[in-house]
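What follows draws every value from the coordinates through simple rules; no lab data is involved. Predicted model, so just to flag it, every value in this text is computed and none were measured. Note that we place each Cβ from the backbone using ideal geometry, even for glycine, and neighbour counts take in every protein chain shown.
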Amino acid sequence: MLKTVEDLIREQDLIPPGSTVLCAVSGGADSIALLHALYHLRAKLGFSLAAAHYDHRLRGAESDRDRRFVEQFVQLCCGRQRLADGAVLPPVPLLIGSGDVAAEARRRGTGIEETAREMRYAFLEQAAREAGADRIATAHTANDNVETILFHLARGSGLRGLGGIPPQRGHIVRPLLTATRQQVEDHLRRLSLPYMEDSSNQNDDYARNKIRHQVLPVLEDLAPGFAVRLAGTAALLRADEEVLTAQAQELADRAVPREGGLAVEAGPIAAAPDPIASRALRLLLGRLWGGDQNCGAVHLAALLKLCRGTDPSAQICLPHGTQARRAYGTLLLLPRLGPIPLAEGPLPLPGVLDCGPWQISCTQEDYRGQPQGPWDLWLDRSAAPMLALRSRRTGDRLTPPGRLGKTVKKWMIEERLPRFQREVLPVFHCGGRIAAVAGLGPDRTFAAREGQGAWHITILPLE
């Protein structure tokens, strides 16, 4: 089994030379086998090793027993190691943590297994920082992988879920993933290494245990070697998934920050095949949600439909308080459910004003024919000795230089300004008359003329 672990580490480059590895040790057979293997491979592969144990406080005296066992095992079996060349490796340090999982699950309203996993990994991350470790090794085996795949298959899953557990995800590595549970137990038996049995592993109330005790034995009886072959199939599926994800990443990388969220052209995503488009959307949501890509198929399908639809101002609600909106050809993923309202009032001349979703800066300059734009305005200072801001109102009209007058609403539609933005665009007025509208430009009565004093107004969105 030691050779199996070494081969996977080398093939997948799980532990580069010079790394420090924190090994998660529950006291069960798998984690004891992993710790023992890493202990004996650390000199050969050139890495340092630490161990960590987390007490979930779920099994009373049995939890205390496991903690004491891990302490004794690390002390007796993972002490100072003298190599054949006389070099001495230090003993393996052990970090121990605990948490009341049951109480935390009640507080959160989440399941015991989910809460236990989140609390355990939070502890492992903290322990890794304390140990100076850049890798966390967990003792998932080929059997764990098969159980995970079957669980995903039963629940309904795409290619990603059917790929099972990868050998590495970020800085989490699983050097035992190609070894079966039988190989682990045979290895421990051959070396007379003790380990603890978790009584909860016999409880078929847990879905994973039911698969382990009732489903897998039948499949192994029908097709001996099923677990190993399915693990091999999962590796092939993961390779396919990586290719599709790489193509999707090219689409997702086109997104840019906007209004506290992300903006990306909807067209390229809409034109992509479903497997690539849906992955690109998942990557975008993960970027917005701090790495969490857990979005249901229903929401992904609705988001893809939004990209492929013809309504230029359609919108849908997504998990985590996120709203997806079409702004004509742009898809916006925003972390708030509605726009920040515009703060109405006088505009400092000159000066800078943050008014809700916008920052407006105004300087006093002479107009020398500089280019004007909808977000970069030049207004005649003599025509507008003072300016104030407000939102658009029904009946507001704007007559841009050289064009016919229309209502501001019609101009906004013609200029393809998103519907959600129309109610928060600053309208600049002087003495009850519209001087300019952000996103549209100035009214001809207030437009600056070359050689005259002007207000130079710049409108920028606040991130």
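Quick one: which residues, 5+ away or cross-chain, put their amide H under 5 Å from the amide H of G28? H built at 1.01 Å from N.
For G28, the qualifying residues are M196.
Against the longest alpha carbon principal axis of the chain, how many degrees, from 0 to 90 and to the nearest 10, is the axis of helix 274-288 turned?
Relative to the chain, helix 274-288 is tipped by roughly 80 degrees.
What is the P(r) of the range 257-334, as percent of Cα-Cα pairs per 10 Å bin from 0?
20, 61, 18, 0
Only one of the listed values, (1) 62, 25, 20; (2) 36, 28, 21; (3) 33, 24, 22, was derived from the coordinates as semi-axes √(5λ) of the Cα gyration tensor in Å; which label is it?
Label (1) holds the value from this structure.
Give the Kirkwood hydrodynamic radius (Å, one decimal) of the range 345-461, defined as one over the mean of 1/r across all pairs of different Cα atoms.
Kirkwood radius, the range 345-461: 14.0 Å.
Count the net charge of all other residues whose Cβ sits under 11 Å from the Cβ of G369, scoring Lys and Arg as +1 and Asp and Glu as -1.
Spelling it out: positives minus negatives among the neighbours equals 0.
Angle between the Cα long axis of helix 112-131 and the longest principal axis of the chain, 0 to 90 degrees, nearest 10?
In the chain, helix 112-131 runs at an angle near 90 degrees to the longest axis.
For L387, what charge total do you get from the other residues with a beta carbon under 13 Å from its beta carbon, if Lys and Arg give +1 and Asp and Glu give -1?
Here the charged neighbours net out to 0.
Give the share of C-alpha pairs in each 10 angstrom bin for the range 375-432, from 0 to the last occupied bin, in whole percents, shortest bins first.
19, 55, 25, 1
Quick check on the chain: helices-only [θ] at 222 nm, where DSSP H runs of length 4 and up contribute -39,500 (n - 2.57) each and the sum goes over total residues. Nearest 500, please.
Calculated at 222 nm, the ellipticity per residue is -12000 deg cm²/dmol.
In a shell of Cβ-Cβ distance under 15 Å around A235, excluding A235 itself, what net charge do Lys and Arg (+1) and Asp and Glu (-1) give?
Neighbour charge sum, excluding A235 itself: -1.
Amide H neighbours of G439 under 5 Å, at least 5 residues apart or on other chains, H built in the peptide plane: list them.
Residues meeting the amide H criterion: W375.
Quick one: 3J(HN,Hα) in Hz for the range 21-34, Karplus 6.51/-1.76/1.60 with θ = phi - 60°, rounded, Gly and Pro as x.
After applying 6.51 cos²θ - 1.76 cosθ + 1.60, I find 10, 9, 9, 6, 10, 8, x, x, 4, 4, 6, 5, 4, 5 Hz.
Using 0.36 nm per residue of separation minus the Cα-Cα distance, give me the extension gain between A207 and R416 in nm, one decimal.
Full extension of this stretch gives 70.0 nm more.
Between the helical axis of 181-191 and the dominant principal axis of the chain, each derived from Cα atoms, what acute angle in degrees is found, rounded to the nearest 10?
Compared with the principal axis, the helix lies near 40 degrees.
Scan around A454 for amide H atoms under 5 Å from its own, H built in the peptide plane at 1.01 Å from N, and keep only partners 5 or more places away or cross-chain.
E365, D366, Y367, R381
Normalising by the residue count of the chain, find the relative contact order in percent from Cα pairs under 8 Å and 6+ residues apart.
After rounding, I find 11 percent.
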